[in-house]
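Engineer: Handing you a structure now.
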């Protein structure tokens, strides 16, 4: 009988990603309701030392596949390893992050495990003994509740939505053979972002710019404000398509879905695809000279004015507060 709440922990460059702690805390909450254990699958090379860190957030057992072939991440290697240990232990629930890696991995796992899943969830709960996942639908216009009948009951959780709660456990480490055959894929090159750059998917504050920035040079004022706020700089699809910002900065339905505490939208009209990617932000501030821009319908605070006057003024006020 399927039993236990498991997560697939995500790590990169020798460090666990924030979403892993969000998954662990959420799994712990549900496992306590069910009276079951929390398990975590951790794959990579030289990753065993990270297991203790997961235990701080309520993980009872960390299943570690430590293999050079698992670093860097490839879909086939990680999916093979995770599917193998999941089949051997039969957990009732399996959570992944709705990150770029989590979305890629979960798609393969669904096939290997012959189950279904709810994607990009903003809430999960137990209803009549089964997992009930809540996710935005129709570009965030409504929310649907999905009850999953197949096992493991899988769901990917939107980063930066679920709280991180420390719950120290004496976590047990269980090593397992990933069962990897000949590699089907190989990473030829990894293009890394500049050191210290904050990923928009994990940022608590995002300063984002759109077509109204007028060109790549316009983002200098956003970079300055973001630096003071400890924020990430995001962009609309129009700005990315124009070559003003890298694709990694794109926020929206075809970019990254974000859920920061504060989202400052500068020169972004608010196309439905963009709103779908940031509407779950706790507070939204919109700066746009067009009073009829759709972004104002979703904003908590709106400023109708030229962003090239407003943003520098905001920056100066932030400097005064930090002085």
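Engineer: Hey, can you tell me all the residues within region 133-151 that are buried (at least 18 other Cβ atoms within 10 Å of the Cβ) and within 18 Å of residue 29 (Cα to Cα)?
Structural biologist: 133
Engineer: For region 264-282, enumerate the residues that are in contact (Cβ under 8 Å) with a residue 40 or more places away in the chain and on the phi > 0 side of the Ramachandran plot.
Structural biologist: 267
Engineer: Next up: Count, please, the residues in region 272-282 that happen to be under 14 Å from residue 208 (Cβ atoms) and surrounded by fewer than 18 Cβ atoms within 10 Å (Cβ to Cβ).
Structural biologist: Total meeting the criteria: 1.
Engineer: Residue 245 - would you say it is over 20 Å from residue 217 (Cβ atoms) and in contact with a helix residue (DSSP H, G or I) (Cβ under 9 Å, 6 or more places away or on another chain)?
Structural biologist: Considered against the rule, which asks whether it is over 20 Å from residue 217 (Cβ atoms) and in contact with a helix residue (DSSP H, G or I) (Cβ under 9 Å, 6 or more places away or on another chain), residue 245 comes out as no.
Engineer: Looking at (1) in contact with a strand residue (DSSP E or B) (Cβ under 6 Å, 6 or more places away or on another chain); (2) buried (at least 23 other Cβ atoms within 10 Å of the Cβ); (3) at pLDDT below 95, can you tell me which one residue 178 breaks?
Structural biologist: Failing condition for residue 178: (2).
Engineer: Further question: State the number of residues belonging to region 210-230 that are part of a helix (DSSP H, G or I) and out of contact with any helix residue (DSSP H, G or I) (no Cβ under 8 Å at 6 or more places or on another chain).
Structural biologist: Count: 6.
Engineer: Moving on. Identify, from the list 49, 31, 40, the residue that is buried (at least 19 other Cβ atoms within 10 Å of the Cβ) and in a helix (DSSP H, G or I).
Structural biologist: After ruling out the rest, the residue left standing is 31.
Engineer: Scan region 283-323 for residues that are touching a residue at least 24 places away in the same chain (Cβ under 8 Å), crowded, with 19+ Cβ neighbours inside 10 Å and more than 20 Å from residue 220 (Cα to Cα) and jot them down.
Structural biologist: Passing the criteria: 293, 295, 296, 299.
Engineer: Another question, if that's okay. Only one of (1) at pLDDT below 95; (2) within 19 Å of the chain's Cα centre (by Cα) fails for residue 263. Which number is that?
Structural biologist: (1)
Engineer: Within the group 273, 253, which residue is assigned to a loop (DSSP other than H, G, I, E, B) and either within 22 Å of residue 135 (Cβ to Cβ) or assigned by TED's automatic domain parsing to the domain that holds residue 156 (or both)?
Structural biologist: 253
Engineer: Against the condition under 28 Å from residue 88 (Cβ atoms), at pLDDT 95 or above and under 20 Å from the mean Cα position of the chain (by Cα), how does residue 208 come out, does it pass?
Structural biologist: no
Engineer: Only one residue in 196, 227 is within 28 Å of residue 17 (Cα to Cα), out of contact with any strand residue (DSSP E or B) (no Cβ under 6 Å at 6 or more places or on another chain) and modelled with pLDDT under 95, so which one is that?
Structural biologist: Just one listed residue meets the conditions, 196.
Engineer: Consider region 111-126. How many of its residues are part of a helix (DSSP H, G or I) and either buried (at least 18 other Cβ atoms within 10 Å of the Cβ) or in contact with a helix residue (DSSP H, G or I) (Cβ under 6 Å, 6 or more places away or on another chain) (or both)?
Structural biologist: Residues meeting the conditions: 2.
Engineer: Under 9 Å by Cβ, and 6 or more places apart or on different chains, what pairs join a residue from region 1-15 that is in the same structural domain as residue 47 (by TED's automatic domain parsing) and free of Cβ contacts under 8 Å to residues at least 40 places away in the same chain with one that is in a loop (DSSP other than H, G, I, E, B) and crowded, with 20+ Cβ neighbours inside 10 Å?
Structural biologist: Qualifying pairs under 9 Å: 11/17; 11/47; 14/47.
Engineer: Could you say which residue among 82, 64 is surrounded by 19 or more Cβ atoms within 10 Å (Cβ to Cβ), within 14 Å of residue 6 (Cα to Cα) and under 20 Å from the mean Cα position of the chain (by Cα)?
Structural biologist: 82
Engineer: Checking the condition out of contact with any strand residue (DSSP E or B) (no Cβ under 7 Å at 6 or more places or on another chain) and surrounded by 24 or more Cβ atoms within 10 Å (Cβ to Cβ), which residue from 267, 243, 252 passes?
Structural biologist: Going through 267, 243, 252 in turn, the sole match is 252.
The values are calculated or read from the model by the stated rules, or taken from the named source; none is laboratory data. These figures come from a predicted structure and were not determined experimentally. As a convention, Cβ positions derive from the backbone with ideal geometry for all residues, glycine included, and neighbour counts pool all protein chains shown.
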